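**Q** Pasting in a structure now, in structure tokens, and then I'll have a few things to ask.
Each reported figure results from applying straightforward, stated rules to the coordinates on display, with no laboratory input. What you see is a predicted model; the values in this text were computed from it and never measured. Cβ atoms come from the backbone with ideal geometry, glycine included; neighbour counts cover every protein chain shown.
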Amino acid sequence: MRNSNSNGFGILLVALGALVLLGVLGPLLGWLFKLIIPVAMIALGYYGIRRGNKFFGWIVLVIGVMSLIGKLSFIIGPILGIVLIAYGVSRLKNGHRRY
């Protein structure tokens, strides 16, 4: 067993717990704190991949990305629509026709 004087993991757990509580209890800043958790999961997954624990790092990273996409879906849909319209207009302007 490793005996370390570093309290980094305990501080991380306390910080994540505080963020969760602020997300539940903070009605004015709740939307911001609800975005921090998926971003933290993405960062921890990336850190895990870089440190050599690829299996769990990828799991945490994918869950974080899926959660962030779910929370930002209200803005991803309209952006996707705008991109599709702009691409269609550019295709019509440039005359990309197949005969």
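**Q** Which order do peptides 72-84, 42-54, 9-21 fall in by mean Cβ count within 10 Å, highest first?
**A** Numbers: 72-84: 10.0, 42-54: 14.1, 9-21: 11.5.
Going from most to least packed, we get 42-54, 9-21, 72-84.
**Q** On the Cα set of segment 8-94, report Rg and Dmax in Å, please.
**A** Looking at segment 8-94, its Cα Rg and Dmax stand at 17.8, 58 Å.
**Q** Report the local net charge at Ala43: Lys and Arg +1, Asp and Glu -1, summed over other residues whose C-beta lies under 15 Å from its C-beta.
**A** Result for the neighbourhood of Ala43: +2.
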